[in-house]
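Colleague: Sending over a structure as structure tokens; questions will come in a sec.
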Amino acid sequence: MRALRGENAGRPAACENGDLWHSTTPRSPSAPRNMRFLPLILILLGSVLASAPAQNLQARRVAWGFTQPVFATAPTGDSQRLFVVEKTGKIKVVRNGAVLATPFIDLGVSGLNRIVEGGERGLLGLAFHPDYASNGYFFVNYTARDTGATVVERFRVSAQPDVADANSGAVIITVPQPQPNHNGGCVSFGPDGMLYIGMGDGGGSGDQGPGHASIGNGQALTTLHGKMLRLDVDLPPPYIPADNPYFGSSNALGEIWHVGLRNPWRFSFDSLTGDMYIGDVGESAREEIDFVPGNAPNRNFGWRCMEGLQCTGWSGCSCASAALTLPVHEYGHTLGCAVVGGYVYRGTAICGLQGAYFFADFCSSRVWTMRMVNGQMTDLRDRTPELEPPGGSVSIAVIPSLAMDGVGELYVIDSDGEIYRIESAQSQPDCNANGYADACEIADGVAQDCNANGLPDDCDISAGTDSDCDGNGVLDGCEIAADPDADWNNNGTLDTCECPGGAPPVVYCTAKVNSLGCTPFVQFTGYPSASLALPFWIGAKKLLSQKSGMMMYGYWPNITPFQGGFACVGSPIRRMPPRPTGGSQVTVNCSGMLVYEFNTFIASGADPALQLGQEVVFQFWSRDPNAPFFSSLSNALRARICQ
């Protein structure tokens with residue numbers, strides 16, 4: 001046996017055939033010894049959970065053959081389907097990459113004939129109820145065939161999950177439209193479970209003329225045009241929640257949540273933070289992205305007084321009002337002419353992009369990303385050259401919308417009838433086939449990579465390159481690397497796993513400091529076992545050298561004052577044969593120790609009480625001529641005999 005770690009002292013010959021020690025310190029019996037080192041392991045893990053590098057992107061065509069697609073979405077958690085909205089009235093299902101022949105629902109002339117289509121009118125939006133899995137409800141936003149009004153209608157899925165029940169319709173809200181443009185069209189459920197409806201200002205130009213208030217519909221509280229509406233569709237009609245800012249008001253409409261919008265074609269919520277992002281299409285000069293942290297209520301985004309950050313100068317406007325919420329980003333018409341709001345990426349396939357907001361422009365087909373940090377826009381990037389590289393195979397004509405599927409991955413909708421998935425241009429291995437790229441799992445802290453080999457630890461376990469015998473989520477090899485004490489017999493297995501069914505021994509009681517100021521303490525490896533499958537070495541370190549001592553054991557702990565220290569073993573006390581402490585032969589110091597292999601003693605039958613399940617407690621006594629009562633006492637160990 002080599003010397004104990006950190007020691008050069010002599011040792012008893014009984015341990016020459018291997019270093020079988022655990023060094024221990026007092027701990028609670030409820031805390032297994034390997035758990036002591038989890039904080040250290042987690043610190044080490046933190047050093048390898050660095051943010052993933054920024055990713056180059058690509059657009060991969062995943063579906064095609066649609067007629068005027070304007071939107072796509074899926075129920076939360078649905079990883080197999082994408083529901084594509086065609087402005088002409090059909091919603092088609094893409095299942096595992098294949099477009100199903102039967103539409104989910106048809107509101108056009110070949111189906112329910114609900115809509116009028118043309119220009120900015122048609123079937124424009126779709127949202128699945130947060131409890132879709134149980135109630136089957138989904139909501140559509142369309143322009144009514146007979147009246148041109150905006151209608152939000154609820155339907156329910158049929159017994160066939162890829163086909164809706166066309167006879168289940170129930171109108172939620174109808175908003176007449178004075179002109180055929182600026183219909184908005186987006187519907188989305190927020191993190192609060194409410195249904196949000198983006199309403200344009202009623203159309204025309206400048207938010208003025210017939211059907212427009214004198215101060216503009218965007219600013220008038222007596223019209224739903226130019227607003228963000230908020231409804232609780234789980235209430236009876238008119239579905240107005242009591243915490244809406246104008247609930248019960250006689251001077252404003254209760255459905256209103258935000259005001260001052262021109263044409264919020266697409267808006268969304270960050271699934272992590274609940275922040276709201278709105279792409280509000282501009283008039284003739286500026287396009288804007290509006291941001292509401294935590295989806296706070298009753299924001300005024302300024303239209304028709306403000307277009308982006310510019311004051312329109314129209315009558316009745318005050319552009320200097322502190323009550324206005326200005327856009328976090330705007331751009332002029334040299335870059336596009338109609339902003340398409342998008343989504344904050346919270347998917348799992350592209351490392352380094354979590355938290356980035358994707359948005360696009362209808363006219364220029366540009367795609368950008370940006371981030372919000374402390375309420376400020378930062379890290380604006382034009383992603384168009386990545387998604388549509390010059391001379392490449394991807395050709396995106398017009399972008400009416402971006403889309404997000406049920407697991408947070410993003411898509412580009414091309415009005416030519418194609419759907420493109422936004423992906424990393426780099427290879428993204430997924431060793432555990434859970435849909436989460438390995439590097440992303442590690443970078444996001446979702447998976448551990450304690451050995452820094454680039455693979456989630458569960459893949460190391462499944463491949464047999466490491467194990468997690470104690471089931472605490474940390475590879476055994478990492479626990480051992482962080483704490484060599486966890487495997488003092490160097491066999492690659494955590495000592496706590498070497499005796500199935502047993503609880504690891506725990507240290508208790510307080511040692512008596514000896515005359516040289518050293519504190520003797522107990523060491524062990526393995527478990528007291530009834531099967532003799534493994535040895536159970538137990539001993540004490542920091543004893544005076546070249547003295548005599550012995551191990552005492554009993555069947556229950558009992559701490560009582562004794563010889564200037566504490567006796568930790570309850571009566572009856574059994575004594576093992578005395579042994580020399582060894583250590584330095586030159587001078588008396590604290591290099592002495594005692595070692596016993598106890599499982600052989602159990603197997604001998606010398607003590608019939610030592611049976612499976614019996615609790616055993618141990619303490620060491622040794623001679624100390626200069627100490628009170630001429631003795632030294634270690635702390636103690638309690639264990640239970642296992643298999």
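To keep it simple, each residue is scored yes or no on (1) within 27 Å of GLU409 (Cα to Cα); (2) open to solvent by less than 40 Å² (accessible area, probe 1.4 Å); (3) not in a loop (DSSP other than H, G, I, E, B).
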{"site": "CYS431", "(1), (2), (3)": "yes, no, no"}
{"site": "ILE442", "(1), (2), (3)": "yes, yes, yes"}
{"site": "GLY445", "(1), (2), (3)": "yes, no, no"}
{"site": "VAL474", "(1), (2), (3)": "no, yes, no"}
{"site": "GLY477", "(1), (2), (3)": "no, yes, yes"}
{"site": "ILE480", "(1), (2), (3)": "no, yes, yes"}
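Colleague: Something else: Mind counting the residues in the range 358-403 that are touching a residue at least 40 places away in the same chain (Cβ under 8 Å) and not in a loop (DSSP other than H, G, I, E, B)?
Modeller: Here the count works out to 15.
Colleague: Further, regarding this structure: Just the residues that are in contact with a helix residue (DSSP H, G or I) (Cβ under 9 Å, 6 or more places away or on another chain) and buried (at least 16 other Cβ atoms within 10 Å of the Cβ), please, taken from the range 369-393.
Modeller: Residue satisfying the conditions is MET372 alone.
Colleague: Being in a loop (DSSP other than H, G, I, E, B) and either modelled with pLDDT under 95 or under 26 Å from THR493 (Cβ atoms) (or both): is that true of LEU612 here? Step through it out loud before you land on a result.
Modeller: Values: in a loop (DSSP other than H, G, I, E, B): yes; either modelled with pLDDT under 95 or under 26 Å from THR493 (Cβ atoms) (or both): yes.
Yes: the conditions hold for LEU612.
Colleague: Looking at ASN558, is it open to solvent by less than 60 Å² (accessible area, probe 1.4 Å), farther than 18 Å from SER634 by Cβ, in contact with a strand residue (DSSP E or B) (Cβ under 8 Å, 6 or more places away or on another chain) and in contact (Cβ under 8 Å) with a residue 12 or more places away in the chain?
Modeller: no
Colleague: Could you pull out the residue among GLY342, GLY352, GLY408 that is out of contact with any strand residue (DSSP E or B) (no Cβ under 6 Å at 6 or more places or on another chain), open to solvent by less than 20 Å² (accessible area, probe 1.4 Å) and closer than 29 Å to ASN434 by Cα?
Modeller: Going through GLY342, GLY352, GLY408 in turn, just one is out of contact with any strand residue (DSSP E or B) (no Cβ under 6 Å at 6 or more places or on another chain), open to solvent by less than 20 Å² (accessible area, probe 1.4 Å) and closer than 29 Å to ASN434 by Cα: GLY408.
Colleague: Quick check on VAL94: is it open to solvent by less than 10 Å² (accessible area, probe 1.4 Å) and in a strand (DSSP E or B)?
Modeller: Details: open to solvent by less than 10 Å² (accessible area, probe 1.4 Å): no; in a strand (DSSP E or B): yes.
When the stated conditions are applied, VAL94 does not pass them.
Colleague: Of the residues ASP270, ASP290, which is in contact with a Ser or Thr (Cβ under 7 Å, 6 or more places away or on another chain) and either open to solvent by 60 Å² or more (accessible area, probe 1.4 Å) or of a type in the set (Asp, Glu) (or both)?
Modeller: Unique residue meeting the criteria: ASP290.
Colleague: Additional query: Does the range 447-469 hold any residues that are free of Cβ contacts under 8 Å to residues at least 40 places away in the same chain, in a loop (DSSP other than H, G, I, E, B) and either open to solvent by less than 60 Å² (accessible area, probe 1.4 Å) or over 22 Å from ARG346 (Cα atoms) (or both), and which are they?
Modeller: ALA447, ASN451, ASN453, GLY454, PRO456, GLY464, THR465, ASP466, SER467, ASP468, CYS469
Colleague: Let me ask another. Look at the range 593-643 and say how many of its residues are within 16 Å of ASN514 (Cα to Cα) and not small (Gly, Ala, Ser).
Modeller: Total satisfying the criteria: 14.
Colleague: What tally of residues in the range 397-415 results from selecting those that are over 26 Å from VAL328 (Cα atoms), at pLDDT 95 or above and over 28 Å from the mean Cα position of the chain (by Cα)?
Modeller: Going through the range 397-415, the residues over 26 Å from VAL328 (Cα atoms) turn out to be 397, 406-407, 414-415.
Subsequent filtering for residues that are at pLDDT 95 or above retains 406-407, 414-415.
Adding the requirement that they be over 28 Å from the mean Cα position of the chain (by Cα) leaves 414-415.
Matching residues across the range 397-415 total 2.
Colleague: Shifting gears a bit: For LEU124, indicate whether it is crowded, with 19+ Cβ neighbours inside 10 Å and under 24 Å from PHE269 (Cα atoms).
Modeller: Taking the combined requirement at face value, the residue satisfies it.
Colleague: May I pose another question? Could you list, in sequence order, all residues of the range 312-333 that are out of contact with any Ser or Thr (no Cβ under 9 Å at 6 or more places or on another chain) and closer than 17 Å to GLY206 by Cα?
Modeller: Result: THR312, GLY313, TRP314, CYS317, SER318.
Colleague: Filter the range 514-537 down to residues that are surrounded by fewer than 17 Cβ atoms within 10 Å (Cβ to Cβ) and within 30 Å of ASN626 (Cα to Cα), then give me how many there are.
Modeller: 4
Colleague: Only residues in the range 311-335 that are closer than 15 Å to ASP382 by Cα count as the first member; pair them with residues that are part of a loop (DSSP other than H, G, I, E, B) and open to solvent by 70 Å² or more (accessible area, probe 1.4 Å), Cβ under 6 angstrom, at least 6 apart or cross-chain, and list the lot.
Modeller: Partner pairs satisfying both residue conditions: GLU330/LEU309.
Colleague: Another question, then. Under the condition of being open to solvent by less than 80 Å² (accessible area, probe 1.4 Å) and hydroxyl-bearing (Ser, Thr, Tyr), which residue from the range 305-330 is farthest from ILE215 (Cα to Cα)? Can you show your working first?
Modeller: To start, the set of residues in the range 305-330 that are open to solvent by less than 80 Å² (accessible area, probe 1.4 Å) comprises 305-308, 311-314, 316-319, 321, 323-325, 327-330.
Then drop every residue that is not hydroxyl-bearing (Ser, Thr, Tyr), which leaves 312, 318, 321, 325.
Values: THR312: 13, SER318: 11, SER321: 15, THR325: 18 Å.
The selected residue is THR325.
Colleague: Sticking with this structure for a sec: Would you check if there is a residue in the range 563-585 being among the hydroxyl-bearing types (Ser, Thr, Tyr) and open to solvent by less than 10 Å² (accessible area, probe 1.4 Å)?
Modeller: Taking every residue of the range 563-585 in turn, at least one turns out to be among the hydroxyl-bearing types (Ser, Thr, Tyr) and open to solvent by less than 10 Å² (accessible area, probe 1.4 Å).
The values are calculated or read from the model by the stated rules, or taken from the named source; none is laboratory data. Given the structure is predicted, the values throughout are model-derived calculations rather than measurements. Here the Cβ is made from the backbone with ideal geometry for all residues, glycine too, and neighbour counts use every protein chain on show. All accessible areas refer to the heavy atoms of the entire protein, side chains included, with ligands and DNA or RNA removed. Shrake-Rupley method; radii C 1.70, N 1.55, O 1.52, S 1.80 Å.
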